[in-house]
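Read-outs: derived from the displayed coordinates by stated rules, not from any lab. Not measured: the values here are computed from a predicted model. Heads up, the Cβs are rebuilt from the backbone with ideal geometry, glycines too, and the neighbour counts pull from every protein chain shown.
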Amino acid sequence: MAIILCIETSTTNCSVAIAVDGEIKAIREENNKQYSHAEKLHVFIEQVLNDANLDKSRLNAVAVSKGPGSYTGLRIGVSAAKGLCFALDIPLISTFTLQVLVQQAVCEDCYIIPLLDARRMEVYSAVFNSGKKQIRETKAEILDENSFSDYLNERKTIFIGDGSNKFESLCKHENAVFHKDAIPSSADMAAMAEAKYKISDFENVAYFEPFYLKEFILG
């Protein structure tokens, strides 16, 4: 039985869950645009352990969403995850934030394009098929009216995440569907973390860093 603590802090949502054999047993999260991660994260960790009636010593691994996303949010989440792994001598698992997000999309024959707000008209994006397999590389890109036209012209395309707000104002294509309120959640990390745990796909705790994708820019 694998007991995994899942931490997702890459966006405004500070989210923590306990997963047992890939099933969520307890979750606490708060979507606060003021980024309350520093105040809430360790409180939520204690609360989910209490909710699941577990002591930290029972954890088999910690999973953390590695990015891309908020620099501050990622640093806070990864630092907490690494600290727990060091203290408890358990493995660290990372999950790709955009893949966490696409778990919320449901379709049979479509493309799924997660869009996370970067700055101005820029987003972090990737492209997945309806089986939620990534089929285009992850990148930071500036949106315009022709963005993703190859996918839109081919079939229904779901744009999911807070960056979808930016693209909806530009895109009037009949195949475009927007899930603007979706945010990455630890609830969607459980199955991925469990799969990685089973094959010992772990990170080096000492050297692991978040996937920032681009350099930090003030302003």
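Would you order Leu84, Leu59 from fewest to most other beta-carbon atoms within 10 Å of each residue's own beta-carbon?
So the residues, fewest neighbours to most, are Leu59, Leu84.
Within the chain, what percent of beta bridges assigned by DSSP are antiparallel, to the nearest 5?
Counting only bridges with both partners in the chain, antiparallel ones make up about 65 percent.
So how tilted is helix 71-88 from the main axis of the chain? Cα-based, degrees 0 to 90, rounded to 10.
In the chain, helix 71-88 runs at an angle near 30 degrees to the longest axis.
Kindly list the residues of region 14-29 that lie in the label zone of Ile199, defined by a backbone N under 13 Å from the point 7 Å along the Cα-to-C-beta vector.
none
From the gyration tensor of the Cα coordinates in region 143-206, what semi-axes in whole Å does the equivalent ellipsoid have, largest first, with each one equal to sqrt(5λ)?
So the three semi-axes of region 143-206 are 33, 13, 12 Å.
Greater than 31 Å separation of Cα atoms is the criterion. Which listed pairs, Lys33/Lys132; Lys56/Lys198; Lys25/Lys156; Lys166/Lys196; Lys172/Lys196; Lys25/Lys172, meet it?
Result: Lys25/Lys156; Lys166/Lys196; Lys172/Lys196; Lys25/Lys172 exceed 31 Å.
Among rounded, prolate and oblate, which fits the chain when a ≥ b ≥ c are the square roots of the eigenvalues of its C-alpha gyration tensor, a/c under 1.5 means rounded, and a/b larger than b/c means prolate?
It comes out prolate by the Cα gyration axes.
For the residues Met192, Met121, what sequence is obtained by ranking on other C-beta atoms within 10 Å, fewest first?
Going from least to most buried by this count: Met121, Met192.
Using alpha carbon centroids, what distance separates region 114-132 and region 51-107, in Å?
Using only Cα atoms, the two centres lie 20 Å from each other.
Roughly speaking, what is the stretch gain from His42 to Glu168, that is 0.36 nm per residue apart minus the C-alpha to C-alpha distance, in nm to one decimal?
Value of the extension gain: 41.8 nm.
If each residue of separation counts as 0.36 nm, what is the full-extension length gain between Asn31 and Asp89 once their alpha-carbon separation is subtracted?
Here the segment from Asn31 to Asp89 would lengthen by 17.8 nm.
Taking neighbour Cβ counts within 10 Å as the exposure measure, how do Cys6, Cys14 sort from fewest upward?
Ranking Cys6, Cys14 by Cβ neighbours within 10 Å, fewest first, gives Cys14, Cys6.
Can you work out the base-10 log of I(q)/I(0) for region 105-179 at q = 0.19 1/Å, using the Debye formula on its C-alpha atoms alone?
Log10 of I(q)/I(0), two decimals: -0.69.
Considering only the other residues whose Cβ falls under 14 Å of the Cβ of Asp201, what net charge follows from Lys and Arg at +1 and Asp and Glu at -1?
+1
What is the sum of charges around Glu145, taking Lys and Arg as +1, Asp and Glu as -1, for the other residues whose C-beta is under 15 Å from the C-beta of Glu145?
Result for the local shell: -3.
For region 157-212 and region 1-21, write down the distance between their C-alpha centroids in whole Å.
After rounding, the separation between the Cα centres reads 14 Å.
Lone cysteines in the chain, going by a 4.7 Å Cβ-Cβ cut-off?
That list is Cys6, Cys14, Cys85, Cys171.
As a test of the formula, what do you get for the chain when each DSSP H run with n ≥ 4 contributes -39,500 (n - 2.57) and the sum is divided by the residue count, at 222 nm and rounded to the nearest 500 deg cm²/dmol?
About -7500 deg cm²/dmol.
Can you tell me the 0 to 90 degree angle between the C-alpha axis of helix 37-51 and the longest principal axis of the chain, rounded to 10?
60
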